Amino acid sequence: MSIHIEAAPGAIAEAILLPGDPLRAKFIAENYLEKPEQFNRVRNMFGYTGTYKGKRVSVMGTGMGMPSHSIYVHELLQDYKVKKLIRVGTCGSLQADVKIRDVILATAASTNSNVNRIRFSGMDYAPAADFGLLETAWRLSQEKNLPARAGTIISSDMFYTEDPDEWKLWAKFGVLGVEMETAELYTIAAKFRAQALAILTVSDSLVTHEATKADEREKTFRAMAELGLETIIAD
């Protein structure tokens with residue numbers, strides 16, 4: 001048992017999906033896992049373990065932003081020896097040709113956070129996805145005819161920024177989307193020699209100002225969750 005996760009030793013699988021919303025973790029457990037058992041209720045950050053196509057898989061919420069995400073990922077890796085982590089979440093598009101409902105496979109994550117500058121004594125670190133998980137997710141997305149893009153994203157420390165045009169600088173350098181967690185996921189996974197990937201559904205566009213509706217998000221979330229599960233159980 002860790003500080004923020006009440007699971008007993010062995011209650012969490014080596015492979016885990018990480019949606020930000022704990023209710024999405026509950027949704028995945030109830031709709032995709034066989035015989036799911038809840039291992040965490042602390043702070044209502046629900047976590048479950050079950051099987052998917054005969055393989056043991058866990059799913060757990062991590063909250064919004066890098067500080068919250070960092071706590072759970074660190075404890076999953078240090079205290080529960082998780083080996084594979086896939087974030088399944090939403091993001092905003094920064095490019096005109098990245099449409100809402102598209103899926104982004106985040107190859108690497110820039111950030112405006114100072115977390116890694118603190119961690120690395122002022123130096124920059126390049127948080128990147130595990131190539132094996134990335135390659136598998138890309139192959140499966142093509143087999144499923146799922147509209148997917150592989151490229152860089154930015155993990156932001158702020159949802160409501162002071163400069164509404166701040167995103168345009170990142171877009172100029174080819175960044176595909178913006179969210180709030182992946183840079184920390186990739187950094188901590190690297191420290192613990194674990195495999196990590198972020199699979200993100202585009203829920204809105206900063207370019208066109210389009211946004212998905214609640215029912216559309218549920219449908220596209222299903223496709224992303226299925227891709228995450230298929231990727232994480234692949235040998």
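Here, each number is a calculation from the coordinates, and none is a lab measurement. Everything numeric here is computed off the predicted structure, so don't read it as measured data. Cβ: placed from backbone, ideal geometry, glycine included. Neighbour counts: every protein chain shown.
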#### Entry: Listed residues Met45, Asn116, His74: farthest to the positive end of the dipole of region 13-117 (Cβ charges)
His74
### Message
Using the crude model of +1 on Lys and Arg Cβ and -1 on Asp and Glu Cβ, and no other charge, please compute the dipole size for the chain relative to its Cα centre, in debye to 20.
### Response
580
### Query
Rounded, prolate or oblate: which fits region 94-153 when a ≥ b ≥ c are the square roots of the eigenvalues of the alpha-carbon gyration tensor, with rounded for a/c under 1.5 and prolate only if a/b beats b/c?
oblate
### Cα centroid separation - region 4-79 against region 87-119, whole Å
22
#### Entry: Of all DSSP beta bridges in region 15-233, antiparallel share, percent nearest 5
40
### Query
Which of Phe159, Ala126, Leu176 sits closest to the plus end of the dipole of region 15-233, meaning its Cα is farthest towards the positive end, when Lys and Arg get +1 and Asp and Glu get -1 on the C-beta?
Ala126
### Task
Could you sort 152-160, 66-74, 111-119 so that the peptide with the highest average Cβ count within 10 Å comes first and the rest follow in order?
66-74, 152-160, 111-119
